[in-house]
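The values are calculated or read from the model by the stated rules, or taken from the named source; none is laboratory data. On a predicted model such as this, the values are computed, not experimentally measured, just so you know. Glycine gets a Cβ as well: all are built from the backbone with ideal geometry, and neighbour counts include every protein chain shown.
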Amino acid sequence: MSFFGKNIKKIRKVKNLSQQAFADLFELKRATLGAYEEGRSEPKIETIIKVANYFSIYIDQLLTRELTVNELLKFKGGITTNINDLTQEKFTEIPCITESNMADYILYSDKATFVNQMPKLQLPVKNNLELRGFTIANLEMTTHDKGLYPNDIVVGHYYPVNKIKELLNSTLVLVLVSGKLILRRIYVLKDKVVLRADHSNIEDKEFLKKDIKEIWKIKYSFFKRIPEFKDDLEDQLALLASELNKIKKQLK
């Protein structure tokens, strides 16, 4: 049995909270809280984490020993009984281009009102740059059963068109050009750019630099499936070992 019940009862007294107020704070029933305090029931791990995080108490301290009043007074104060006042982590909201809104995006991408109404991805990424999500709809960026597949999502940050010469060749970008949205690797030439797919059977696309309207440099990718993490180097080493074994057998 843990010390959770004794400690939350002592926390309530130090913070001058009733059982109901404390229960409301963590979306618990009063009877459930009473069972915790009396040692008749143990809380779920989610509840333990919420309480520990909210009062800035280490989980092991909360569970493994009875805390003193002096210790509790040093922990986070300013407790609220209003659940709506709890600090909630906010993920970055990223406007996302999908198959259904792609045609409209091509027409209205420069309109703030349209961008604000686009569906939003909420992702745990920290980036102060302007971001744009894009849902994959083809197999252009696949090779040897690897790469980006339909329904995968990439997220890119805005890259100024006037700095296109500074882009490294083979950078993965989402480009709005000549009324099209294209996700490919970019190769910058003198007056034009080449957009190349990873799939070997798909031809390159060439455009004049002056026709490019937007560039989003891809920074994150999110797979609908569990990706293969096996390194190509491992494949090559395995193949090399196999070939060496064949040579050894032939020499014998």
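Take the conditions free of Cβ contacts under 8 Å to residues at least 12 places away in the same chain and farther than 20 Å from Ser109 by Cα and apply them to Leu195. Does it pass?
When the stated conditions are applied, Leu195 does not pass them.
What number of residues in region 125-141 are surrounded by fewer than 17 Cβ atoms within 10 Å (Cβ to Cβ) and either under 23 Å from Asp204 (Cα atoms) or not hydrophobic (A, V, I, L, M, F, W, C) (or both)?
If we filter region 125-141 for residues that are surrounded by fewer than 17 Cβ atoms within 10 Å (Cβ to Cβ), which is where we start, we get 125-130, 137-139.
Cutting the leftovers down to either under 23 Å from Asp204 (Cα atoms) or not hydrophobic (A, V, I, L, M, F, W, C) (or both) gives us 126-128, 130, 137-139.
Selection size over region 125-141: 7.
Conditions (1) over 17 Å from Asn127 (Cβ atoms); (2) in a strand (DSSP E or B), marked per residue:
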| residue | (1), (2) |
| --- | --- |
| Glu140 | yes, no |
| Tyr149 | yes, no |
| Val154 | no, yes |
| His157 | no, yes |
| Asn162 | yes, no |
| Lys165 | yes, no |
| Leu168 | yes, no |
| Leu172 | no, yes |
| Leu176 | yes, yes |
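Does Leu33 count as under 14 Å from Asn7 (Cα atoms), touching a Phe, Trp or Tyr at 6+ places or on another chain (Cβ under 7 Å) and at pLDDT 90 or above?
So Leu33 fits the description; yes.
Select from region 142-173 the residues that are surrounded by 15 or more Cβ atoms within 10 Å (Cβ to Cβ) and aromatic (Phe, Trp, Tyr) and write down the one among them that is modelled with the lowest pLDDT.
Tyr149
Are any of the residues in region 3-11 of a type in the set (S, T, N, Q) and assigned to a helix (DSSP H, G or I)?
Start the filter on region 3-11 by keeping residues that are of a type in the set (S, T, N, Q), which leaves 7.
From what is left, the residues that are assigned to a helix (DSSP H, G or I) are 7.
There is at least one residue in region 3-11 that is of a type in the set (S, T, N, Q) and assigned to a helix (DSSP H, G or I).
Which of the residues spanning region 20-31 are part of a helix (DSSP H, G or I) and either small (Gly, Ala, Ser) or surrounded by 17 or more Cβ atoms within 10 Å (Cβ to Cβ) (or both)? Spell out how you get there, then give the answer.
The first filter runs over region 20-31 and keeps only residues part of a helix (DSSP H, G or I), leaving 20-25, 30-31.
Within region 20-31, Ala21, Phe22, Ala23, Asp24, Leu25, Ala31 qualify.
Out of Glu214, Glu228, Glu203, report the one residue that is modelled with pLDDT of 95 or more and not in a strand (DSSP E or B).
Working: Glu214 fails: not in a strand (DSSP E or B); Glu228 fails: modelled with pLDDT of 95 or more.
Checking each option against the conditions leaves just Glu203.
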